[in-house]
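The values are calculated or read from the model by the stated rules, or taken from the named source; none is laboratory data. The structure presented is a predicted model; accordingly, all values stated were derived computationally and were not measured. Cβ sites come from the backbone with ideal geometry, for glycine too, and all protein chains shown count toward neighbours. Ligands, DNA and RNA are excluded from the accessible area calculation, which covers all protein heavy atoms including side chains. Shrake-Rupley method; radii C 1.70, N 1.55, O 1.52, S 1.80 Å.
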Amino acid sequence: MSSLGTGGGGSTHNTVSGDAVVVGPLLMAQHIEGIQLPPAAPAAPPCQGPPPTRVFVNRTRELAGLRDAALALAADPGPGVVMVVGVGGVGKTQADDRADDRPLREACEEKLGTLRRSMGLRPPAVPPV
């Protein structure tokens, strides 16, 4: 086994010290010719929901209920939650995907704008939702 160091003599010793916490592989070397790292993780997690169905019928009342709940939530000055419940397979996710959430998004943007102004922040300081 040959030793590396200045002029071919001596030895090289690498340590990780202090409060270092190493999770996963650690590469320490005197000279690295090239290294290929795995691709970076996506900035946002991929959509985990099922793809939309081709047929979606007889949900006019449910969609209206979601719209009304979003409007009521938008009118309330405090935080709130709209919950869609039911047994598996009845179309909750599909109804939610097809619901018009513009009133809720607009209300959230308005409330966020009010919060920004109350904190003395200018609009670019906090990105819009």
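Below, the figures for the structure above:
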| item | result |
| --- | --- |
| Any hit, the range 19-26, residues being open to solvent by less than 70 Å² (accessible area, probe 1.4 Å) and modelled with pLDDT of 75 or more | yes |
| Meets criteria (modelled with pLDDT of 75 or more and either out of contact with any Asp or Glu (no Cβ under 9 Å at 6 or more places or on another chain) or not basic (Lys, Arg) (or both)) for ALA99 | yes |
| Number of the exception - LEU66 against (1) modelled with pLDDT of 80 or more; (2) part of a loop (DSSP other than H, G, I, E, B) | (2) |
| Every residue from the range 63-107 that is surrounded by 15 or more Cβ atoms within 10 Å (Cβ to Cβ), farther than 22 Å from PRO51 by Cβ and touching a residue at least 12 places away in the same chain (Cβ under 8 Å) | ARG67, ALA69, ALA70, LEU73, ALA74, VAL82, PRO103, LEU104, ALA107 |
